[in-house]
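Report on one structure; see the data block that follows.
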Amino acid sequence: MFLTLLCLGLLMGCAGLQKQVPDPVPEIMPGILTGYLSEDAQLNSLKIVPPPPAEGSAALALDEEISRKGLALRDTLRWDMATKDAEVLFPGTAGTFECALGIPVTESDTPFLYMLLRRTLADAGLSSSAAKKKYKRPRPFMVNQQPTCTPDDEDYLKKDGSYPSGHTTYGWAWALILAEIAPDRAEAILARGRAYGESRIICNAHWNSDVAEGRTMGAAVVARLHTDQKFLADLEMAKKEYSQARAKGLQPSGDCQAEADALAGGSLR
């Protein structure tokens, strides 16, 4: 009897030591997981952002000026960074904020954080679709006839409206979420989130106003996500994973000095 109880106790102890992982989530398209927000809860960008800048407006002139500054960064370290930032699918995009966070972001090291980023990609991306479809704004490369940093994507991009920027929407949403998970790294995270949106200008894929309103949509999505209990539960788990990773001394897998050099030499401001 004693041995039986001892074995049961050992088994229960081992079970308690098993690492918690999030439940699997189905894909809504290849590589993109279902978001947290139901269809009814998703935001409509047409009700949030204004129309894109009109022809002859000062706003459009600013877009064109900043676009020229972005084009001047072609074939620099900042251009290379913008090319990497164009990656959408996981695991490739998981490391985007690693240097700002100071820890690796992987399915094995931080499974809840990894899942949080994957699911909010869908929530943020879907939120920008209504305005994109309505305005069908031509992208910069369609106007200036200069290539983007992802030439293989150009045929698709021509059919997908430029306004607002979907990349910026989920990039800024990620930045806000990660700043909440790691408040001690908030400044670095938010600066990286801003640069992530600017990468779309440097890539010649978006105008400045696309990026600005992408940030608006990203913030709106995060506000709505905070009403979802599953998101909040995963957020708490991600906070624990961050603390554990820092305590273990886990380090980012990327070249953080190269990232810092790229950002230092490639500002649009």
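Comparison of GLN251, GLN244 shows that the only residue that is of a type outside the set (Ser, Thr, Tyr) and free of Cβ contacts under 8 Å to residues at least 60 places away in the same chain is GLN244. Note on the range 138-197: residues that are open to solvent by less than 20 Å² (accessible area, probe 1.4 Å), in a helix (DSSP H, G or I) and of a type in the set (Phe, Trp, Tyr) total 4.
Here MET115 meets each of (1) part of a helix (DSSP H, G or I); (2) open to solvent by 20 Å² or more (accessible area, probe 1.4 Å); (3) farther than 24 Å from LEU176 by Cβ with one exception, condition (3). When you scan the range 83-95, do you find a residue that is part of a loop (DSSP other than H, G, I, E, B), more than 22 Å from GLN251 (Cβ to Cβ) and at pLDDT 95 or above, even just one? Within the range 83-95, one or more residues are part of a loop (DSSP other than H, G, I, E, B), more than 22 Å from GLN251 (Cβ to Cβ) and at pLDDT 95 or above.
Can you confirm whether THR106 is among the polar types (S, T, N, Q) and within 21 Å of ALA258 (Cβ to Cβ)? Answer is yes for this residue.
Of all residues in the range 123-133, those satisfying the criterion of being part of a helix (DSSP H, G or I) and either surrounded by 14 or more Cβ atoms within 10 Å (Cβ to Cβ) or of a type in the set (A, V, I, L, M) (or both) are ASP123, ALA124, GLY125, LEU126, SER127, SER129, ALA130, ALA131, LYS132.
Considering the range 210-226, and only residues there that are surrounded by 23 or more Cβ atoms within 10 Å (Cβ to Cβ) and of a type outside the set (Asp, Glu), the residue that is farthest from THR148 (Cα to Cα) turns out to be LEU225. In the range 55-98, of all residues being under 27 Å from LEU126 (Cα atoms) and in contact with a Gly (Cβ under 6 Å, 6 or more places away or on another chain), the one that is least open to solvent (accessible area, probe 1.4 Å) corresponds to GLU98. If I filter the range 165-180 for residues that are under 24 Å from LYS19 (Cβ atoms) and touching a Phe, Trp or Tyr at 6+ places or on another chain (Cβ under 7 Å), do I get at least one hit? The answer is yes; a qualifying residue exists.
The values are calculated or read from the model by the stated rules, or taken from the named source; none is laboratory data. If you're wondering where the values come from, they're calculated on a predicted model, not measured in any experiment. Every residue, glycine among them, receives a Cβ derived from its backbone with ideal geometry; neighbour counts consider all protein chains shown. Heads up: the accessible areas ignore ligands, DNA and RNA and are worked out on the full protein's heavy atoms, side chains in. Shrake-Rupley method; radii C 1.70, N 1.55, O 1.52, S 1.80 Å.
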